[in-house]
Structures are given as structure tokens and as C-alpha cells.
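Each reported figure results from applying straightforward, stated rules to the coordinates on display, with no laboratory input. All values derive from a computational prediction rather than experimental measurement. Every residue, glycine among them, receives a Cβ derived from its backbone with ideal geometry; neighbour counts consider all protein chains shown.
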Amino acid sequence: MAGAKLLLLCVCGGFSAYYFYSTESVTPEMVRGKRVLVTGSSTGIGEQIAYHFAQMGARVMLTARRAERLREVAEKCLELGAGSAHYVVSDMGNLTSAQNVAQETRNTLGGLDYLVLNHVGGSGSFGTFQGDMDSVLSSLTVNFLSYVQLTSGALSALRESQGGIVIMSSLSGRIGAPFTATYSASKFALEGFYSSLRREFSLQKTNISVTVAVLGYIDTENAVKKVGDKVSMLASPKQACAREVVRAAVLRQAELFYPFWGIKPLVLLRDWAPGLVGKILDTFYILENIV
Ligand SMILES: NC(=O)c1ccc[n+]([C@@H]2O[C@H](COP(=O)([O-])OP(=O)(O)OC[C@H]3O[C@@H](n4cnc5c(N)ncnc54)[C@H](OP(=O)(O)O)[C@@H]3O)[C@@H](O)[C@H]2O)c1
């Protein structure tokens, strides 16, 4: 009986917490003047995250490899109301270059409130794993090691500001997905590293939030180009996705699932019925289009 009451209490508590988080809103006052670094912000979700922060008056630092695109995004951030908008060109396949981005951000913005780690790249493509170790190394360097490098470069500034780190993960970082072995590995590595870091911060009373965004299929140009004809799945809008990521970051949530009902039930079922989850996910792949 006591056990049942406890269970009921936990379930009610869980739903109340979910309701509280899902209705709490973010106001521009909470963001104005905050210093934000968004990686992979020349296009896709990162570009949209930069616009959402800009609209609320944040000071943004953008980074990716294409200078011209970054210049255009920075200009649009200023039009939208950013307190300032700068960019630094960097290839995250080079860890020294990633280290320089953290340094340049601190010098330009005089500190950092949000580190949004979003870029994705490397030479891996969507398809059968062919044993190509160069592509494994390249994917892990760009999609995992550079995240850690940027975090270590930004840590003292984040300690000072009591800021937040945001990590872009994926359903493939919670459930192994076929045809993306190296990508999936890098997302699992991120999830392990940053959930460990979050516990460490909590135990040591370090006030830095760690938000992991677990995303489904989002309609960015690159994602649709890469998998559009290989999976039969509806893509969710990148603008709404970016808005939810910014909201979760500002509210210092530990996790965000987007789209919630497309991701969360599968993650919950994963350990109880892995075979069923695998069968459900398998139905989305168009095998004749995958090599
Ligand atoms: N879209 C989805 O369906 C989806 C699903 C789950 C998770 N996610 C995650 O969400 C995040 C954003 O995805 P997205 O679809 O918006 O990606 P995207 O449109 O492909 O954009 C990737 C960004 O990363 C930059 N980039 C690529 N290689 C780089 C490198 N070597 N060095 C520095 N920057 C590099 C790109 O800019 P340059 O080319 O200018 O360098 C671009 O700004 C990623 O972490 C991804 O894993 C996306």
C-alpha cells in the first residue's frame, strides 16, 4: 500500500514537473545582453538558434567554416535585435582551431553565458558501415572531441557567469540507429560525457546547467538532402525546434525531447522492449535507396 502511494506520488510529481516546464515561458528580459556562442550557426538549426537568441537581445558569437554565410547570419541577427553579432571561422576537425574559438569568444564578448554546441560534420555518410576508419576518426573528432575541447576552453567563463551548456543530441544518441554507426557513436559519447559532467557539477555545487536536446528528424536542408529519400518519416520544423532548444537552455532544463511524442515514448520503451522499439524503427527505412 505504501509502495503504491509512493508510486502514485512519483507519477503525479512527474506530470506536475512536466506541466510546469512545458508551460513556463521565456521572456526577452531573461536573455537580453547574455553572451552566447552557437557552433554550426551558418545554416540549419544552429542558424535558427542564433536568430531566437538575437530576437531576445542576446550578444551572439557564431562559428562554422563558411565565412560568407556567417556574415549573412550575423547581419540578420543584428536586424532581429541582437545586442551584438560576431563570427569566427573554424573547422572543428582541428582541435586547436576549436580551442581558438573559445578563446576568441571570451576576448570578444568578455565572458560567456551560453555555450550551444550544435555543429555536425565529418566525412561519414548515411549508409552501410564499410570499415572506413578515417571516417570514424573524422566523425568522432568533429562531433565529439571538438565539443569537449570547446567545453574545456569555456569552462572558467561559464563558472564565472553561472551559465549553461547546450548539447545537440539525437534519438540516435539514445537508441543505436542503422546506417549511421559513427554518427550514433559520437552522439552516445556526448550523452555519456555530458550527463557525467552534469552529475559532477551537481555534487560539487557548480552552478552550470547542462541541457541535452534529444532530437528527431528535423527539416534542415542538409538533413533532408542526406536522408529524405531513405527514410519515410515526417520532418519537424527547424524554427520550432530551435525555439524549444533556446527555451530549455534558458530554463536550465536537463533534457529536451523534440518532437516530444515522437521521441520520448521510444526512449522510455528502449530498456523494457528493445525488440519492439527496433521493429517500430525498422519500418521507417527505405532499404532499396540505401547503399
Ligand atoms: N536535422 C536533423 O534531422 C537532426 C536530427 C537529430 C539531431 N540533429 C542534430 O542537430 C544539430 C544540427 O543539425 P542540422 O541538421 O541543423 O545540421 P546542418 O544543417 O547540417 O548544419 C551543420 C552546421 O555545422 C557546421 N559544420 C559542419 N562541419 C563542420 C566543421 N568541420 N567545422 C565547423 N563547423 C562545421 C556547418 O557549417 P559549415 O558547412 O559552414 O562549416 C553547419 O553550420 C546537429 O548536432 C545534429 O546532429 C539534427
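Quick look at the values:
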{"quantity": "Dipole in debye (nearest 20) - segment 29-289, about Cα centre, beta carbon charges: Lys, Arg +1; Asp, Glu -1", "calculated": "600 debye"}
{"quantity": "Among Met233, Met168, Met92: highest mean-square fluctuation, GNM of the chain, C-alpha pairs under 10 Å", "calculated": "Met233"}
{"quantity": "Computed label-point distance, nm, for sites Arg66 and Leu78 using a 7 Å Cα→Cβ extension", "calculated": "2.1 nm"}
{"quantity": "Karplus-derived HN-Hα couplings along segment 164-175 (A = 6.51, B = -1.76, C = 1.60, θ = phi - 60°), whole Hz, x at Gly and Pro", "calculated": "x, 10, 10, 10, 8, 10, 7, 4, 5, x, 10, 10"}
{"quantity": "Loop sites in segment 158-223: trypsin sites (Lys or Arg not before Pro), DSSP, at most 14 other Cβ within 10 Å", "calculated": "Lys205"}
{"quantity": "Kyte-Doolittle mean at least 0.0, axial Cα span of 27 Å or more - DSSP H helices of the chain", "calculated": "2-23"}
{"quantity": "Separation of alpha-carbon centers, segment 220-247 and segment 141-218, rounded to whole Å", "calculated": "20 Å"}
{"quantity": "Cross-link partners of Lys225 among lysines (Cα-Cα below 16 Å; sequence separation of 8 or more within a chain)", "calculated": "Lys238"}
{"quantity": "Value at 222 nm in deg cm²/dmol, rounded to 500, when DSSP H runs of n ≥ 4 in the chain each add -39,500 (n - 2.57)", "calculated": "-16500 deg cm²/dmol"}
{"quantity": "Distance (nanometres) between label positions extended 7 Å along Cα→Cβ at Gln55 and Ser25", "calculated": "1.2 nm"}
{"quantity": "Beta bridge orientation in the chain: antiparallel %, DSSP, nearest 5", "calculated": "5 percent"}
{"quantity": "Global form of segment 29-289, assessed from the alpha-carbon gyration tensor, a/c cut-off 1.5", "calculated": "prolate"}
{"quantity": "Mean Cα-pair separation over length for segment 29-289, i.e. relative contact order, pairs under 8 Å, 6 or more apart, %", "calculated": "17 percent"}
{"quantity": "Calculated FRET value between Phe193 and Met233, using beta carbons and R₀ = 22 Å, to 0.05", "calculated": "0.20"}
